[in-house]
1. Find out how many positive minus negative residues lie around ASN17, taking Lys and Arg as positive, Asp and Glu as negative, among other residues whose Cβ is under 10 Å from that of ASN17.
2. Angle between the Cα long axis of helix 113-122 and the longest principal axis of the chain, 0 to 90 degrees, nearest 10?
3. Just how large is the dipole of segment 20-108 about the Cα centre, in debye to the nearest 20, putting +1 at every Lys and Arg Cβ and -1 at every Asp and Glu Cβ?
4. Return the lysines within reach of LYS24: Cα separation strictly under 17 angstrom, same-chain partners fewer than 8 residues apart disregarded; answer none if there are no such residues.
5. Tell me the angle of helix 13-28 to the major Cα principal axis of the chain, expressed in degrees between 0 and 90 and rounded to the nearest ten.
6. Whose amide H sits under 5 Å from the amide H of LYS77, counting only residues 5 or more places off or on another chain, with H placed in the peptide plane?
7. Could you please state, rounded to a whole Å, how far the C-alpha centre of segment 115-146 is from the C-alpha centre of segment 12-49?
8. Enter the angle in degrees (range 0 to 90, nearest 10) between the Cα long axis of helix 50-67 and the first principal axis of the Cα atoms of the chain, meaning the one along which they spread out most.
Amino acid sequence: MEYCSLVWSPWHQNEINKLERIQKFFTSKIYGLDQLDYHQRLKKLNLYSLERRRERYLIINAWQQIEGLTENVLGLKARRLGRSRRIVSAKIPIGINGKRIKERDRTLIHNSTARKSERLFNVLPQSIRNITKTTTETFKRILING
């Protein structure tokens, strides 16, 4: 379900809920877990929600791109702001060449993969954002364990 989440990741809550219902349905069919609610089943199965897994993937991919471990297809740029490293991007323009950008288009830009990755990375604790010069596996382990 996470396949190509870098290219396609829903941002409308109803689309997120539709995807989540698939995992919710299948986990409810597991013998012995059918009496538990969805979040209890996930905990018992040592799984995260699909939305949480997509967010985790975006964070890992953003980190890999700013570390130079993968091609920076999103054009992410990291800067140090004080003691903290953050991903920074230009403000979403209100207009281009004197023409106002439609609110719908500004919303699409705001919810793009690059902007979602930026927001998710930047809300991480400083100690995780500042991790550098390590393997992806180490970063993942620290991301999960805090």
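The values are calculated or read from the model by the stated rules, or taken from the named source; none is laboratory data. Quick caveat, the model's predicted, so the values are computed rather than measured. Cβ coordinates were reconstructed from backbone atoms using ideal geometry, including for glycine residues, and neighbour counts include every protein chain displayed. The area values use the complete protein model at the heavy-atom level, side chains included, leaving out ligands, DNA and RNA. Shrake-Rupley method; radii C 1.70, N 1.55, O 1.52, S 1.80 Å.
1. 0
2. The angle comes out near 80 degrees.
3. Result for segment 20-108 is approximately 420 debye, rounded to the nearest 20.
4. LYS43, LYS44
5. Relative to the chain, helix 13-28 is tipped by roughly 30 degrees.
6. Residues meeting the criterion, in which the H sits 1.01 Å from N, are VAL88.
7. 26
8. Taking Cα atoms only, the helix is inclined about 40 degrees.
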